[in-house]
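Notes to accompany the following structure.
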Amino acid sequence: MSVTCTMEFAVEGCPHKAKKALDGKDGIQSVSIESGSNSLVVLSNLSSTQVNSIIETSGQRGVLMGYGGLTGKPNLGAAVALMDVGLDSRLKGVVRFVQVDDSTCVVDGTLDGLLPGKYGVYLHEFGDISAGCNSCGDILGKSLNKPVGEIGEITSTAGRAEFRVTNNNFKVWDIIGRSCVLHDQTQSTDNRLLCGIVARSAGLFQNTKRICACDGVPVWDERDKPVAGPSRKSKI
């Protein structure tokens, strides 16, 4: 399932260099420069992190400004969970959700600081992190024996896990305000390692911000902060 993302660049000419880096790469279907702007529109079946990693091999730096289904189609909804609550401050990550059609949600995530092994990513009932991940409630749908909240199993290598899956169990508009939780699959008990609240995010061409609401700094300064964790909250 292909997803479109928009990347914006601070310097004129950067999109052309970034486009050259992306053209022909496996998983990239199309790359175009948005007319009258410093933005790229990328259609791919890669995660947004993977797209940005390819761009950075060209020496360019971009900011993800929107995420959605195919261009020309209505924006059906997008959401993001910053995963920065847990027992180990070294664990951090971000999970993005985009509704690409009436029945399909694409989930795209990057999680850092993990030991090698298998982990499970789930949606939980409540967006309550007042007592850490233990106050997030049960896995969504578990009480009804319906695995609505099961996103999937992921594998960590070299401290990082990247994943991109399609899911027909839930819709983006039904999970806003709930929580996304990472479980240690090697444990037989309910071992919750990391979590974050699912919040609404910008779809394609919907993000015109120049100041990050969460940090109060320009998006280009915010770009240099980690996606989650204590360092994100520090002053630049």
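The values are calculated or read from the model by the stated rules, or taken from the named source; none is laboratory data. From a predicted model like this one, the values you see are computed outputs, not experimental measurements. Here Cβ is always computed from backbone atoms with ideal geometry, including for glycine, and neighbour counts include all displayed protein chains.
Quickly run through the stretch 101-154 and pick out the residues that are of a type outside the set (A, V, I, L, M, F, W, C) and either closer than 17 Å to THR186 by Cβ or outside the structural domain of ARG90 (by TED's automatic domain parsing) (or both).
GLY113, PRO116, GLY117, LYS118, TYR119, GLY120, TYR122, GLY152, GLU153, listed by residue number.
Exactly one condition in (1) assigned by TED's automatic domain parsing to the domain that holds ARG96; (2) at positive phi; (3) at pLDDT below 90 is false for GLY177; which is it?
(3)
Looking at (1) within 30 Å of SER53 (Cα to Cα); (2) touching a Leu at 6+ places or on another chain (Cβ under 9 Å); (3) in contact (Cβ under 8 Å) with a residue 40 or more places away in the chain, which one does GLY132 not meet, given that it meets all the others?
(1)
I need the full set of residues from the stretch 119-139 which are buried (at least 22 other Cβ atoms within 10 Å of the Cβ) and over 10 Å from VAL181 (Cβ atoms), in order please.
TYR119
Taking interchain pairs and intrachain pairs at least six residues apart, which have beta carbon atoms under 7 angstrom, with the first residue in the stretch 46-57 and in a helix (DSSP H, G or I) and the second of a type in the set (Phe, Trp, Tyr)?
SER48/TYR67
Being modelled with pLDDT of 90 or more, among the aromatic types (Phe, Trp, Tyr) and in a loop (DSSP other than H, G, I, E, B) is the requirement here; does PHE205 meet it?
no
Which number in (1) assigned to a helix (DSSP H, G or I); (2) at positive phi marks the one condition that SER143 misses?
SER143 satisfies every listed condition except (2).
Could you tell me which of the residues SER39, SER89 is modelled with pLDDT of 75 or more, among the hydroxyl-bearing types (Ser, Thr, Tyr), surrounded by 18 or more Cβ atoms within 10 Å (Cβ to Cβ) and more than 25 Å from THR166 (Cβ to Cβ)?
Going through SER39, SER89 in turn, just one is modelled with pLDDT of 75 or more, among the hydroxyl-bearing types (Ser, Thr, Tyr), surrounded by 18 or more Cβ atoms within 10 Å (Cβ to Cβ) and more than 25 Å from THR166 (Cβ to Cβ): SER39.
Conditions: (1) in a strand (DSSP E or B); (2) acidic (Asp, Glu); (3) modelled with pLDDT of 95 or more. GLU162 meets all but one. Number of the miss?
Of everything listed in (1) in a strand (DSSP E or B); (2) acidic (Asp, Glu); (3) modelled with pLDDT of 95 or more, GLU162 misses just condition (3).
Would the stretch 156-166 turn up any residue that is touching a Gly at 6+ places or on another chain (Cβ under 6 Å), more than 18 Å from LYS92 (Cβ to Cβ) and surrounded by fewer than 17 Cβ atoms within 10 Å (Cβ to Cβ)?
Checked the stretch 156-166: at least one residue is touching a Gly at 6+ places or on another chain (Cβ under 6 Å), more than 18 Å from LYS92 (Cβ to Cβ) and surrounded by fewer than 17 Cβ atoms within 10 Å (Cβ to Cβ).
Taking the stretch 34-45 only, how many residues are assigned to a loop (DSSP other than H, G, I, E, B) and out of contact with any Phe, Trp or Tyr (no Cβ under 7 Å at 6 or more places or on another chain)?
Number of matching residues: 5.
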